[in-house]
Amino acid sequence: FDYIGFSKIIDDELLKHLVVTRLINPGSKLKVIEYLKRYRNIDIDIMKIYRFMDKFHLKYKEEIEQIAFEYTKKVLGKITVLFYDVTTLYFEASSEDDLRKVGFSKDGKFTKPQIILGLLTSLEGYPLGFEIHEGNCYEGKTFIPMLEKFQKKFNIEKPIVVADSGLLSKANILELEKLNYRYILGARIKSSSSEIKNKIVSLTLNDEKNIETIYFSKNQKMIVSYSQQRAKKDRYTRTKNYEKLKIKIKSGNLTKAHLNNKGYNKYLVLSDSQTTISIDEDKYNYDSSFDGLKGFVTNDFSLNPTQIIEHYTNLWHIERAFRISKTDLKIRPIYHRLEHRIYSHILISFVAYTVYKEFDRKLKINNISIKRKNAIGFIKSMYGIVHDNEISLLELSPEQEQIYKLFY
């Protein structure tokens, strides 16, 4: 926390307590109070935490993102590639308001109000900035405003922008090109035009020749890659859902309401007599042509296909950032109701994740093979005796000794 520079933000230990506790013992703000009292002999009133959160986001978000940016530059050097993705964070409350809305949930909590969190990272998932949006907002609209804000704020050269297929809209692509960004976006190849799909299925890709390029225009192309492992997974999933549809048809539980393009319902078709529902076998068999294929749309002709795929593959770091935030840092469910406290909660979690990344980096560069989650457990079980404001540590295990040397 101190090394990155967050201790320079505010002359108040409370921020450090909130961040470190989210790393060591994540949970509600009441759990923060319990943890600090039990392990640190520090008494903090819950209203002090709430008063801190009432002002924290409004005053310090810009400064925190600046520190995160400078830290990332120190670790990686020049920032030339940006990664963007969104996730949803749900609330235990049932009522909606201007920010908390019921929408498509990536957590499967479709009846819970939620917000959308957009996160911008560099290579290896180092966090650079975030924004939150209404829970029912279309994720494609969150992308370019944040990108422009970041690029202007830090005055960096136009980076290569990498994002998944959820942001691959015609409007987004036109806007990116208008603003002179290079981009690599995941392609929904089955949703492409008939002309493009015909070109894709005519490719003869296999394990030996597994990458091809399709040119859309002089400014845009699609890289198509094949993976045998992906093909096996696609085939298994498609066959499994095909068998489920057959069982549903046999049971007579399907109605005209099921004739839609949601998931594997797209294979369903109504008979000529308008009385029975069956599976369009031609459509099902045609889809098998796409097993194992993945597409990447780009306007960057300076990179070769392998480099383009490697850049896109790095999106897993941001997916991992969301996973860590939701599991290790327990960023959700969110119990706050007031908008500015919700922002502050996300900002505290953003700082905690940045510290988490530095801790992770320190483990790696010091060749400490202890898993991060286990390392946190070893830290929690380090004990000492305090006398005259000095701490004498009790005997450390070999693992604790390794971790302790990272800091002292």
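The values are calculated or read from the model by the stated rules, or taken from the named source; none is laboratory data. What you see is a predicted model, and the numbers here were worked out from it, not measured in a lab. Backbone-built Cβ (ideal geometry, glycine too); neighbour counts: all protein chains shown. Just so you know, the surface numbers come from the protein's heavy atoms only, side chains and all, with ligands and any DNA or RNA stripped out. Shrake-Rupley method; radii C 1.70, N 1.55, O 1.52, S 1.80 Å.
What does the convex hull of the Cα atoms of the range 153-229 come to per residue, in Å³, rounded to a whole number?
About 138 Å³ per residue, rounded to a whole number.
Does anyone have the angle between helix 29-40 and the longest principal axis of the chain? Alpha-carbon axes, 0 to 90°, nearest 10?
40 degrees
Using only Cα atoms, find the angle between the long axis of helix 228-251 and the longest principal axis of the chain, and express it within 0 to 90 degrees, rounded to the nearest 10.
Long axis of 228-251 versus the principal axis of the chain: about 70 degrees.
Could you tell me the center-to-center distance, by alpha carbons, between the range 1-55 and the range 347-377 in angstrom?
Distance between centres, Cα-based: 18 Å.
Could you point to the label whose value was computed as Kirkwood radius over Cα pairs in Å for the structure here, given (1) 21.7; (2) 24.4; (3) 26.9?
(2)
Rounding to the nearest 10 and keeping the result within 0 to 90°, find how far the Cα-based axis of helix 398-407 lies from the longest principal axis of the chain.
The angle comes out at about 80 degrees.
Just need log10 I(q)/I(0) for the range 245-296 at q = 0.14, 0.16, 0.24, 0.28 Å⁻¹, Debye formula, equal scatterers on the alpha-carbon atoms, no solvent, rounded to two decimals.
Each listed q maps to, in turn, -0.41, -0.52, -0.95, -1.17.
So what is the 222 nm mean residue ellipticity for the chain from helices alone, if each DSSP H run of at least 4 adds -39500 (n - 2.57) and you divide by all residues, rounding to the nearest 500 deg cm²/dmol?
After summing the helix terms and dividing by the residues of the chain, the value is -14500 deg cm²/dmol.
Please identify every one of the GluC sites (Glu not before Pro) in the range 130-188 that sits in a loop by DSSP and has no more than 12 other beta carbons within 10 Å of its own beta carbon.
Of the GluC sites (Glu not before Pro), the ones in loops of the range 130-188 whose Cβ has at most 12 other Cβ atoms within 10 Å are E157.
What accessible area per residue, rounded to a whole number of Å², is obtained for the chain using a probe radius of 1.4 Å? If you can, show how the numbers build up before the last one.
On the way: 21910 Å² over 408 residues.
In whole numbers, the chain has 54 Å² accessible per residue.
Find the Cα radius of gyration of the range 3-79, compare it with 2.2 N^0.38 Å by division, and give the number to two decimals.
1.25
Which value, to two decimals, describes the C-alpha radius of gyration of the range 260-381 once divided by 2.2 N^0.38 Å? It would help to have the intermediate numbers written out before the result.
On the way: Rg = 23.6 Å, N = 122, 2.2 N^0.38 = 13.7 Å.
Dividing the Cα radius of gyration by 2.2 N^0.38 Å gives 1.73.
Could you look at the chain and say what percent of its accessible area is carbon and sulfur, using a 1.4 Å probe and all protein chains?
Numbers: 10720 of 21910 Å².
Carbon and sulfur together cover 49 percent of it.
Two decimals is fine: what is log10 I(q)/I(0) at q = 0.20 Å⁻¹ for the range 65-160, from a Debye sum with one equal scatterer on every Cα and no solvent?
Log10 I(q)/I(0), no solvent term: -0.90.
So if I restrict to the alpha-carbon atoms in the range 349-408, what is the Rg, and what is Dmax, the biggest pairwise distance, in Å?
Over the range 349-408's Cα set, Rg and Dmax evaluate to 12.8, 36 Å.
Report the trypsin sites (Lys or Arg not before Pro) located in the range 345-404 that are in a DSSP loop and have at most 14 other Cβ atoms inside 10 Å of their Cβ, or state none.
K371
Can you list which of the chymotrypsin sites (Phe, Trp or Tyr not before Pro) found in the range 336-403 are DSSP loop residues with at most 15 other C-beta atoms within 10 Å?
Numbers: sites: Y343, F350, Y353, Y356, F359, F378, Y383; in loops: Y383.
Answer in residue order: Y383.
Convex hull over the Cα atoms of the range 177-315, averaged projected area in nm²?
10.7 nm²
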